[in-house]
Each structure stands twice: as C-alpha cells, then as structure tokens.
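> Please read through the structure below; I'll follow up with questions.
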2 protein chains.
Amino acid sequence: MTQPDVHEISLHHLKITDPFLGQYQQLVRDVVIPYQWDALNDRLPEAEPSHAITNFRIAAGLEHGEFYGMVFQDSDVAKWLEAVAWSLCQKPDATLEKTADEVIELVAAAQCDDGYLNTYFTVKAPGERWTNLAECHELYCAGHMIEAGVAFWQATGKRRLLGVVCRLADHLCQVFGPGENQLHGYPGHPEIELALMRLYEATQEPRYQVLARYFVEQRGTQPHFYDIEYEKRGRTSYWNTYGPAWMVQDKAYSQAHQPLAEQTRAVGHAVRFVYLMTGVAHLARLSGDEEKRRACLRLWENMARRQLYITGGIGSQSSGEAFSTDYDLPNDTVYAESCASIGLIMFARRMLEMEGDSQYADVMERALYNTVLGGMALDGKHFFYVNPLEVHPKTLKFNHIYDHVKPVRQRWFGCACCPPNIARLLTSLGHYIYTAREDALFINLYIGNNVQLPVGDSTLRLRISGDFPWHEEVRIHIDSPRPVEHTLALRLPDWCDAPRVMLNGRPCEGDIRKGYLWLTRTWHEGDTLTLTLPMPVRRVYGNPLVRHVAGKVAIQRGPLIYCLEEADNGSELHNLQLPATSTFHEREGKGIFARQVLIQAEGWRQASPQPESRPLWQYDRSPAQATPQTLTFIPWFSWANRGEGEMRVWINECR
Amino acid sequence: MTQPDVHEISLHHLKITDPFLGQYQQLVRDVVIPYQWDALNDRLPEAEPSHAITNFRIAAGLEHGEFYGMVFQDSDVAKWLEAVAWSLCQKPDATLEKTADEVIELVAAAQCDDGYLNTYFTVKAPGERWTNLAECHELYCAGHMIEAGVAFWQATGKRRLLGVVCRLADHLCQVFGPGENQLHGYPGHPEIELALMRLYEATQEPRYQVLARYFVEQRGTQPHFYDIEYEKRGRTSYWNTYGPAWMVQDKAYSQAHQPLAEQTRAVGHAVRFVYLMTGVAHLARLSGDEEKRRACLRLWENMARRQLYITGGIGSQSSGEAFSTDYDLPNDTVYAESCASIGLIMFARRMLEMEGDSQYADVMERALYNTVLGGMALDGKHFFYVNPLEVHPKTLKFNHIYDHVKPVRQRWFGCACCPPNIARLLTSLGHYIYTAREDALFINLYIGNNVQLPVGDSTLRLRISGDFPWHEEVRIHIDSPRPVEHTLALRLPDWCDAPRVMLNGRPCEGDIRKGYLWLTRTWHEGDTLTLTLPMPVRRVYGNPLVRHVAGKVAIQRGPLIYCLEEADNGSELHNLQLPATSTFHEREGKGIFARQVLIQAEGWRQASPQPESRPLWQYDRSPAQATPQTLTFIPWFSWANRGEGEMRVWINECR
C-alpha cells in the first residue's frame, strides 16, 4: 500500500473566521482556558478540587504534601497546555504564554533523571512504576504530555516541553520493547500510540514509530500481559468499581481481549477504542501497513454502521462507559461521552488522511456539530459528560439506570476528562477542516477560515466563508497572489442530495471520488467557488434492526440533529406525534437561540384529561385522544439551556 | 371503624380440583418440595450449595462446621416447612410429614435457651445478636419460622413447632418494646409484622399483636434506630453492594425513611414494601385502627394506580430490587421479582379481608395468573426471579442494564427466595380463593375447588368447577345437605364487561357492592350458580403518562396477559405492528401449550431486505416496508419454554 504524503497544516497559517464556531473558539480562549487554569489551581470554590498543579509542585520538590486526585490527574495539565498552545496560534497572548512556560518549567522539574514523568507514581508510589499498565494510566498521561509537547513546539517554536517529552519517550523506548530486560506490556488506556505517532511525525525519530507499533502489536497477545503483571504485583487492584480487578479481567474493556488483527467489533470503553484506533490509523498510513489499515476499516465499519448514534455519540451504556453490541442504541440510558466523540473525530481525521473518503468527514462533522458542541454550555463553564438523546427529568433521580444522566450541564468536576478535551479540540479545529495531501487539498468541513499552505514551490491561499451550518451557501475564495495549479477536493456531505458548485459564477464540473468533488486547475487570485448545499429539513429513519427507534423519526437540517424540548412543547414528549407528511417551517431563533434556525411542524398530542386520576391502563380504547399541536424543534446541541425539562430526538411518527 | 369478623378457611376443608392450577399444586407436591428438600441438603450437583439444614445441625450442636450461605438462609427451611404443611392438608404423606417432624426437632434443638433462634448469629456471630436490625434479617427469619409454626399446627394439629415459635415470639416481646431495657428497633426487611399477626390470630395472645404494632409504629421515627445501632456497633456494615452501609443510609429502601402515617408513595425494595403492608393491613383490620387502614388504602392506591405492571409485577428497577417513581414502568429493565408479586397477593388478601372490594382481587388474580405462574417452569425446577415484559436476548449479555434479566428460567440458586415462596403460595391457594366474612362468603378467585365452612351453626359446602382461565363458564354448586342461609359475594372481574349469573338455570339478580355481586338466600343442596364471564380478546392501552407504552397495545384474555415470542413470530419483534382494527382468532395450543388458548391476528412486519448491509439510518423514507404477517400471541406466563428468544408484551399499534 502506498499512501500519499499528508502535510499537517500549521495552525499559524490558519485563522478561523467562522461566525458560528469562531464564537466557540473565542469562548475557549476567553473563558474555558482561564476557568480551567483556576480549576487546576483549586481556585474554584464551586468545583471539586483538582490539585493537578500542586501534584506537579510536590513531584518537583517545590512543596510538601500528598498526591491528590485521579491516577490520571496529570493529563488535565497536559490537555490544558495543549489547548493553550493551539490558542496561542490563533491569538498571541504574552501573559498566557508566560503562565504556560512556567507550567512547562514545573513539568520539567517534576521529570525524573531517567526521563520518567508521572506525579502519581513519583509522589505516591515510586516503587510501583510500570507495575500496573492495565489500570494506572501511566502511559496515558505520558501520551497527553507528549501531545502537549508537540503542540507547544508547533505553536511557539519553543523546544522546552518537546525536549521533556522526547526524554520521556526515550525512557519509554528503553522500558518497553521485545528485549529480555524490557517490559512486554502496553497501556490499559490507549493514548500513547497516537501521541508517539504525533511525536514521530514532528521529530521524524523512527524509534517513536517503532514503539507505537510495538504497543499496538503486543495488544491482546497471549500469555496476557495484564495477567502476568497482576500476578507479579501480588494481585493488587487499583479500580474496584465492578469488583476486584475487573479492569484486569475484562480485557475487552481495554480492547486487549485479542490481537487487533483478529478484532471484528468495536468493544469496550468507547474513548479507549477511538484513541487506540487514532494511533493505529496514523501508524497504518505512515508505515503503509495494509493489515493495520484493514483493521481500521473493519472496526470503523462496525462502529459507524452498527454502534453509532445519529448525534455522533458512541458508547451505548454507562457500565464501563462502553459500547454494547450491534444495533443496541438506547436513547435514554446511553453514555455517549463527550470525550468519545472527540476521540471519534480524531480517529476520523486519521482515516480521512489515509482514505480520502467523505464517509469519515460525515461522521466527523456529525460528532462535532452535535455531541461536541452540545457538550459545552454557552458560558464555557458547564459541561455534559453524558449526552443522551432522550431525557425525562422527573424519573432520573428515582431509577438508577439513569444515575449517569444529568438533565443540565454540570460544573467542572473531579474526573475532568471532557472539558479540557473540548478545549483542545475546539482550539485545534484547523487540523480537521482540511486534509492537505500532495495530490489534493481536501476540504472536509465548511468552517469559515483563511489558510495558506505550500503546494510544491508555491503557496496556496484560500478563504472559506459563509454561515455554516445555518445557511446553504459556502464560498471558497482563492487569495494566492500567484497562480497555483492544484486539486481542491470538496466534500459533498451525506446529508445533501443536490450540491451545486459554481466557479466564478459559472457551473463547474469535476470528478467525484469517494464523496469528494475533485477540481483540478490553475487557481488565480480572485477565483471564487460557490458551493450550494441545500439544507431542507429531512426526516431520518433508523435501520429496522435498531429497536429503540422503531416507528420513530428524527429531524435533521444540514449536519444538525434537532430535538423537542419541554420548554417549547410541554411535558410528556412521548405523546407527541409527527405526521409522515407534515410540512416543516424554519424559524429564526431568538434569545439563546439567536442566529440559530428552529423548525416547526404541525403534529399531534395524544392526551387525556387528568391522566393522574386515571388507572394505569384501560381496555379496548386508548384513553388518549389526538389534539393538534405545533411542534417546535431546536438544534439538539442547544438543549438544556433553559433549565431542567424533557428532551427527545426520536419522535413518534404517525400517518 | 368496626370490621366484620373474618374466618380463615381451614385448608383441611378445601380441596383444589382446578384442572389448571391443580396441576401446579401437584407439581409443587411431586417435584418442587422434594427438589427443594434436596437443595436444602446440598444434594443438587447442578445448583449452588444451600447448607441450610447443615447450618441448623451446627447450631444444634449436632455437627461441627461453619455457617454458610446468606444471612437469611434459615428462611429457606422455614418456607419449605410452610409449603410442606399446606401440602399435607391437600394430601397426607406420612414420609414427608416424618421428614418435616425431624426438621422441626432440628429447629427446636437449634433454639437457644432464651428462645432466640437464628443459625447465622448462633453459629457465626453469637455476640452480635440484635446489633444490626437494618441489614441482618434476624426478625425476617424469625417471621418466616413463625409462619411455618402456625402453618404446621394448622395443617397437622402438632404443636411442636408452634411451641418453638411462641418461645421465639415471647423472646422478641422481651427484647423489643418501649421499655428502658428493651430495643426500640424494627427490621430492615419486614416479615415479622405479618407473622406476628398470624401468630396472634392463631393463638389469640395479645402481646403478639402489641409487638407487631410496636414494630410498625417505630418504623421511620427519629432519632433513627438504624443510625443509632450503626454507631453503637462501630459503623460496621454487612452489605456493601452499593457502597458502605448503603442499606443503613438508604432508609427508603426499607420503607424506614419516615413513619408509615406520613408515607404517601410505594418506595424502596418491593418485597419489603408488600410484606410490611400485609402485616399492617392485618393489624389495621384486627385492631380497627383507622389511621393504619388509611395508610394501607393510600399506599395501595399509589402502587396499583401508578407503579404496577400489567402482569401484576412490581419493582421497576434492578437497583435495590425496588420501585422507581410514578409511571416509570420500563418493560425491559424492570425487576418485577416473583417474590414481590407473591407479597402483593398477600397484601391484596389482607386488603380484601378489610375492604371486601374487588379491586384487590383483580390485582391478586393478575399477579397470580401472570407473574407468579410465569415464575416457575413446568418442570418445577427452573425459576424466574426477574419477570420482564420485553426481552431481546442478543443484547442481554452486552448491555449491563440487563445484567439481572435472564432469557430463560434458572435453576435454584444461592439467594433462593423465590422458589420456596412460589411453593408455599401455590400450596396455600385456598386462603386466597375466599374471604369468609361473617356477613358473606366472598368468592375472589374462580379456581375449581370443594370447600366446607361453618356459617353460624350450619355448615356451608360448595364446589366451584369450570376451566378457568380458559373457559368463560364457572359453576358454583351447593353441596350442603341441609339448607344454609348466607350471602355469597361473587367477584365481577375488572376484565369482564358483561358477566351473567344464572341460578338453577334462571337469571339471578343481586346487589353489586364494591365489585362483588351479593346473593343472599337460603341455599339448598343442588343449587347451582352458573357464572358466565365472557373472555373476548381485549386490547389494553396504557395511561398516557407511561412513556414506555406510548403508541403500543397489549393483549389480554380473561386475566391472562399475552405476548409475542420469537419462536412463533420471528425475530425483531419491535418491527411487528398490530392494527387497531384487526380481528383476533383463538387457537387451541399444542405441545407445551396443550389446553391453553393461543391468539392470532393479522398484522404487519416493518422490514427491509438485508438490514445488516444497510447503514444505521437513512433520509426521507423509512427503509422498512410493511408486509403482512400473522401474529401469534401466547399467554405470557408460558414464555421462555422453548429456549432463548425475543419476547414482547407491548406491541406497536398501527391504524
């Protein structure tokens, strides 16, 4: 397999101008990053303490005290540093950069002489380094710090943190490998694989790719490393959530139940799965490894065609924050962690780089505009970890199958995986808009931006504008002062039946390959592509194997999934019905929905007077009579911004 | 409040002749009781060891060893003894009676000098008696042994076990009460209350009723006894299922969150709730306590009108085997323990005795003919603890919200509460058929039987025959050789719109009071009442507040709820639709359904060819097309007798 070269676009040369997502980026810069910095320093009286910075100070010998927090607490600092790095690309901020530099010095000071870096083990259990890969997130934390190191170098040119993480990675190369005195293990929570691939791409140091491959290929082999290390450490167990050593025993939870080459289904902890596969896809492309590519294709297909929510969520169940099985997609007990959709976007990016196939961008867009945006409140301080498609708040606190579901976004809390992940994704959106291949520039997402990138000896400058995802027209302007011959590959979204492309006002034709319109020519300054992506409101119907949506319909416009909320439609949303033939009307939102498109349709409510005074059931005739009601749909990512109330994506359809 | 006297019918004078339930009684005698005896003695290689008899031998000093099993293991022996007692009423069995006498001697030998009786504490923790009422089932086990003692005396006239349990009850009267040196506590798991009331009724010893009232009235008062004893014993906790001391903290789990007089909703562990209320209703009637009667009416109403499954199941969730909240009645994640429906029948019996209102008999019948019968396989050796209304077996082992759900009945296992409970209920069915009040003989259930009972100075003999629940005609023959003046109150079931009653071939009229037809006359030998209860197949519709059944319909005939199974209807039952207007056809079942009425109707299947090769969703048109299909419904209690397969009670309705 020969793979075309892919060039990572420098975020210095890409500026998001999107009226919609630009707001989110600004929110991350202005609110989320400072808020998270306060959280890391335990300055939020309303939130659980983080202690993450203090852990580093203690590890660095600058302070006395005990480690506090999750075993993976270090990763919050790393993710914050990564978000800061990408944010500095968008907008220089000397104060913020100085703060970050100080944190980096702190991280460097906490690094051990041999390159080891992890405050939990350094402070709390120095003798237990690398004795519990299955459970203890050491390599996970290392991976996040490596990502931060690469990002900070790319963003600022400063090599301080890159040096730290190269020393860390070099230490890993010594500790892990096939040698007699090396550990033959691999992490319970993947992340190091994708991080080593980023570090390899940044430094071109082959041993980082070799180690990434080693971790991937060791995974799930027998005799099982998790069992070996479990016996070796005297059968101690860090997590006992579901009984002693469950994480060691339930190997599918960590995708370690069998070698990747034999795996056929997306299983286990959803975040672990997509993190692992992000690294594997990157490795497959850069090493031209056809077997690994086939594993990526196979497992993506299982996930996307049998275990993916319409909102771009993955992970059908709370137990293990995990996949369930094919076609098991409950709307109310779902987990669909924000982090899992972020990981899904990362996985999709690597698949796009390898395959140039729009199906991956379709999923990326779906996850971004629905679950990821929905994961953060517009104040930048409240977050969903769990993203249900149906909520009945009156029941949540009584039925424990809903213990994980919150009816409104929560403040930062102890296991703060999602908020900083949203921050680093939104600040690095530029990496997902394009795939810059040597043979074409793929435009994956129609987010407004200006970019410049090298094409051969020339520089291609282009500018995307429009009002996506609300308005159908996207314009792509060429701003290169000198003509550039190149191919632009425009994604034709799966939700759009009849896209139209004009060049300088005239119809324009090209080849369609794997869902992209390939347009090859010499581009001149002032050339303008006008892409019209009609966005009629569309009904969506589930596969008949998904029992949770039988007889139901969902509403989508552009990439956005819509829902009903109690605030607009009253309670007991299960009694609302949308006729199969009703007409949709678009309405401009107001207040918190300003600039958003709302949708209305005439439907029915099945109701009976004073149902609370009636028995639980009756014979022969339904107690409910249909009365007409106007149904108002809001974009699902906006739900739960008006207090607690019912919400529902899949609506009963009637004829 | 003055309550009419109620006379408990002696099971010596009542013989079940019912062709349908008679088989179950015979099964209990021939199979279940011997099988359970083997289980109690650890002679079932396929089942978890019980150790229950050995525990008594160790406590009696006849054997050395350790206690093994649940903290409430003794209750299995007690429940077995009770089932044996009722079984001996039906059919003398000298060998079985001798075995039971030996067990009773063993129980007597295990009793301490002061009357205390509990093998767990005697063998394992003698110093910890009465230190953990919230968690440790001491009073629960005592209650079951008291029930066995009363039953064995009533069945055989032998006072040996009655003497043992009176000594035990006397010991309790010393230990518990308002005195300074007495414990002010009450059990975490109610049962002693209903047992003391039975013992009071049997012995007329007032102190047993006084103690029952004490337990009921102490419940939920402040300062809370569970907290006091928790502190006193050094904050140790027996159960840690949901975290340390959860059972102490979650007081609603044990209905101990507030005094009964203040409780307004059925909450917590469903079995505990109905056991408690059985005792409270009995106490309310016998003591004429209007406040307690009002609590019974109030809590019954909440349960029956907001938290009861159509199958007579209660307990919407696995966590805590508990009620959830009003109108939260999921069909697939439901718990609906067999024991809870048995307790519901006991509660209904006591309400019937107090109120003479058929609504209680309607629920009793529903629970008996659906959940309780469904709880046991026709081999008498396999049991459901959990009784779902919808099962999708392919998903069960992957999604942990279904961990408690089994797709087929299981063998006897360690926490063997349900099987012996089913046995004692089915052997004592005679107690539920009639309510023998001084002013009327209420016929609650139309189970074939002969009975004789005193009416004033006379003896009323009557005989019920028919083929309930399959055939609409029930005959009630008077067999008294001498005329008897009395009132027969015939229940008019809620599922029957147009019951007809003939006396000796002529129309017969009476008063209808609270759902019973009161017929007062002098009855002569040979008088025959013919009660026709038309049993058309009826559609059942849920209250609009139950979101799990919106747009769905269930099928009922007589008291039986029907369901679709995969074996008859293919898989993916969620794609089947029953038109609102289709005609039902009754079919005589064959094989395992011999003598049962099956139901067919023309319906539709929403299907698409090769759904597994299609995406998870599609736009604009449903991928499914309707094709006609004959739907076959079986009685729900018969489900899962043909191996694993899908099952569904609530079916999508179409117009």
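No lab work stands behind these numbers, since they all come straight from the coordinates. Since the structure is predicted, the reported quantities are computational estimates derived from the model, not experimental observations. Cβ atoms come from the backbone with ideal geometry, glycine included; neighbour counts cover every protein chain shown.
> HN-Hα J couplings of region A:117-127 from phi, Karplus 6.51/-1.76/1.60, θ = phi - 60°, integer Hz, Gly and Pro as x?
Those phi angles translate into 8, 5, 6, 4, 6, 4, 8, 9, 9, x, x Hz.
> Which aspartates and glutamates, on any chain, are close to residue A:590 with Cα under 15 Å apart, when same-chain ones fewer than 8 places away are left out?
A:568
> Oh, and also: Taking every residue in B:602-612, how many Cβ atoms of other protein chains lie within 10 Å of its Cβ, on average? Don't skip to the end; give the middle numbers.
Values: counts 0, 0, 0, 1, 3, 1, 4, 0, 0, 5, 6.
For this peptide, the per-residue mean of nearby foreign Cβ atoms is 2.
> Write down the Å³ per residue value for the convex hull defined by the alpha carbon atoms of region A:426-472. Walk me through the numbers on the way to the answer.
Details: hull volume 3.8 nm³, N = 47.
It comes to 80 Å³ per residue, whole-number rounded.
> Quick check on region A:1-147: what does the Kirkwood estimate of hydrodynamic radius come out to from the alpha carbon pairs, in Å?
With all distinct Cα pairs of region A:1-147 included, I get 16.9 Å.
> What order, most packed first, do the peptides B:116-127, B:299-310 have when packing is the mean number of other Cβ atoms within 10 Å of each residue?
B:299-310, B:116-127
> Hey, how many Å between the Cα centroid of region B:215-271 and the Cα centroid of region A:482-526?
Each part reduced to its Cα centre gives a spacing of 69 Å.
> Can you show me the helix-derived [θ] at 222 nm for the protein assembly as shown, built from DSSP H runs with n ≥ 4 at -39,500 (n - 2.57) apiece and divided by the number of residues, rounded to the nearest 500.
-10000 deg cm²/dmol
> Using Cα positions and a limit of under 17 Å, work out the lysines in reach of residue B:15, with same-chain residues fewer than 8 apart set aside.
Output for residue B:15: B:91.
> Amide H to amide H under 5 Å from residue B:563: which residues, 5+ apart in sequence or cross-chain, H placed 1.01 Å off N in plane?
Distant-sequence amide H within range of residue B:563: B:634, B:636.
> Quick one: work out the % antiparallel among DSSP beta bridges in region A:433-530, nearest 5.
90
> Using the Karplus curve 6.51 cos²θ - 1.76 cosθ + 1.60 with θ = phi - 60°, work out ³J(HN,Hα) for each residue of region A:206-223 in order, rounded to whole Hz, and write x for Gly and Pro.
Here the 3J(HN,Hα) series is x, 5, 5, 5, 4, 5, 4, 4, 4, 4, 5, 7, 6, 3, x, 7, 10, x Hz.
> Over all Cα pairs of region B:527-631, how is the pair count split among 10 Å bins, expressed in % and running from 0 up to the last occupied bin?
11, 35, 31, 15, 5, 1, 1
> Would you calculate the volume per residue, in Å³, of the smallest convex hull containing every Cα atom of chain B?
On the way: hull volume 107.9 nm³, N = 655.
Normalising the Cα hull of chain B by residue number yields 165 Å³.
> Treating the point 7 Å from Cα along Cα-beta-carbon as the label, what are the nm separations from residue B:454 to the other copies, to one decimal?
10.9
> Further, regarding this structure: Which three extents, in angstrom, do the Cα atoms of region B:95-207 have along their principal axes, listed largest first?
For region B:95-207, the Cα extents along the three principal axes come out at 45, 33, 24 Å.
> Something else about it: For residue A:66, place a label point 7 Å from Cα along the Cα-to-Cβ direction in every copy; what are the distances to the other copies, in nm, shortest first?
Listed shortest first, these distances are 3.3 nm.
> Amide H of residue B:603: which non-local residues (sequence gap of 5 or more, or other chain) have their own amide H closer than 5 Å, using H built in the peptide plane?
Residues meeting the amide H criterion: B:629, B:630, B:631.
> Report, in listed order, any pair from B:79/B:232; B:124/B:406; A:394/A:552; A:292/B:397; B:98/B:381 with a Cα-Cα distance greater than 26 Å.
As for pairs spanning more than 26 Å Cα to Cα, those are B:79/B:232; B:124/B:406; A:292/B:397.
> Across peptide B:326-338, what mean number of C-beta atoms from other chains lies inside 10 Å of a residue's C-beta?
3
> Shifting gears a bit: Over chain A, what is the relative contact order in percent, taking alpha-carbon pairs closer than 8 angstrom and at least six residues apart?
Details: 1351 pairs, mean separation 81.2, N = 655.
Answer for chain A is 12 percent.
> Please state the equivalent ellipsoid semi-axes for region B:433-530: what are the square roots of 5 times the Cα gyration tensor eigenvalues, largest first, in whole Å?
Equivalent-ellipsoid dimensions as semi-axes: 20, 14, 13 Å.
> Apply the Karplus curve 6.51 cos²θ - 1.76 cosθ + 1.60, θ = phi - 60°, to the phi angles in region A:374-379 and return the couplings in whole Hz, x for Gly and Pro.
With coefficients 6.51, -1.76 and 1.60, one gets x, x, 10, 6, 6, 8 Hz.
> Take the alpha carbon atoms of region A:155-233, find their radius of gyration, then divide it by 2.2 N^0.38 Å using N residues; give the quotient. All intermediate terms of the calculation are to be shown ahead of the outcome.
On the way: Rg = 13.9 Å, N = 79, 2.2 N^0.38 = 11.6 Å.
With N residues counted in region A:155-233, Rg over 2.2 N^0.38 Å equals 1.20.
> If you don't mind, another one. Treating the point 7 Å from Cα along Cα-beta-carbon as the label, what are the nm separations from residue A:223 to the other copies, to one decimal?
Label point to label point, same position, other copies: 5.7 nm.
> What is the mean number of Cβ atoms from other protein chains located within 10 Å of the Cβ atom of each residue in peptide B:77-87, rounded to a whole number?
Other-chain Cβ atoms within 10 Å of each residue's Cβ, averaged: 0.
> Right, next: Which residue of chain A is nearest the rotation axis onto chain B, counting by its Cβ, and what is the distance in whole Å?
Result for the A and B rotation: A:401, 3.
> Follow-up question, since we're still on this one. List the residues whose amide H sits under 5 Å from the amide H of residue B:434, counting only those 5 or more places along or on another chain, with H placed 1.01 Å from N in the peptide plane.
B:444
> Now, a different point. In cubic angstrom, how much convex hull volume per residue do the alpha carbon atoms of the protein assembly as shown span?
Values: hull volume 241.0 nm³, N = 1310.
Roughly 184 Å³ of hull volume per residue.
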